1. List residues of segment 89-120, by number, whose backbone nitrogen lies under 19 Å from a label position 7 Å along Cα→C-beta of T45.
2. Calculate one ³J(HN,Hα) per residue across segment 43-50 by plugging θ = phi - 60° into the Karplus curve 6.51 cos²θ - 1.76 cosθ + 1.60, and present them in order as whole Hz with x for glycine and proline.
3. Taking Cα atoms of segment 16-80, Rg/Rh with Kirkwood Rh, to two decimals?
4. Suppose we keep just the alpha-carbon trace of segment 92-147; what are its Rg and Dmax in angstrom?
5. Of all chymotrypsin sites (Phe, Trp or Tyr not before Pro) in segment 85-138, which ones are in loop regions per DSSP and have a Cβ with at most 15 other Cβ atoms within 10 Å?
6. Taking the solvent-accessible surface of protein heavy atoms with a 1.4 Å probe, what is the per residue accessible area of segment 1-131 in Å²?
7. In 5 Å bins starting at zero, report the fraction of Cα pairs in segment 63-123 per bin as a rounded %.
8. Want the number for R18 to H64: 0.36 nm per residue separation, take away the alpha-carbon distance, what's left?
Amino acid sequence: MPDIVLAEREMTDAEFARMNAGFDENSSEHGVVIQASDRFGYVATDGETFVGCASGLAYRNGPHYNGWFYLTDLFVEKPYRRNGLGALLLRRLEERVRILGVRHMQTDTAEYEGLAFYRKQGYRVLYEQESWFSSGQSRFGLRKDLL
């Protein structure tokens, strides 16, 4: 590999686009249809005040969703917690994506943040990343079947 230079820096937008195109090319060469994603979500407000949200990505295999949804965000402002709003946001989102043909949801959470909450909502642990956080607590990958 003559004249190859390694530089510690962020990719440019053009380099990032080329990398993604390369991944797509590789997937196509293996018979995989390139997936697109659509974001779905709900926002909770109290009057004009934002108090919470739930959102994530559903991925397409061609014209249909592939059956999985990645929950990227579930947040409730502190004064509104512990009254069922988080569960309501999550349940509403689960119901919405189930209509699209989504059968499974996946998310990640901190041990201190939402592990007990998600378990109460029917999610099960897929994996644990021990000592992920500076406090020594773990990060968990979770899954729920929406059947």
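The values are calculated or read from the model by the stated rules, or taken from the named source; none is laboratory data. Given the structure is predicted, the values throughout are model-derived calculations rather than measurements. No Cβ is skipped: glycine too gets one built from the backbone with ideal geometry, and neighbour counts run over all protein chains shown. Each accessible area value is taken on the protein alone, full model and side chains, heavy atoms only, with ligands, DNA and RNA left out. Shrake-Rupley method; radii C 1.70, N 1.55, O 1.52, S 1.80 Å.
1. Inside the label zone: 89-90, 93.
2. Rounded to whole hertz, the list is 10, 9, 10, 10, x, 9, 9, 5.
3. Values: Rg = 17.0 Å, Rh = 14.3 Å.
Reported Rg/Rh (Cα atoms, Kirkwood Rh): 1.19.
4. Expressed in Å, the Cα Rg and Dmax of segment 92-147 come to 12.6, 39.
5. For chymotrypsin sites (Phe, Trp or Tyr not before Pro) across segment 85-138 that sit outside H, G, I, E and B with at most 15 neighbouring Cβ atoms in 10 Å, the list reads Y112, W132, F133.
6. 71 Å²
7. In order of increasing distance, the bins hold 4, 16, 28, 26, 15, 8, 4, 1, 0 percent.
8. Numbers: separation 46, 0.36 × 46 = 16.56 nm, distance 2.62 nm.
Length gained between R18 and H64: 13.9 nm.
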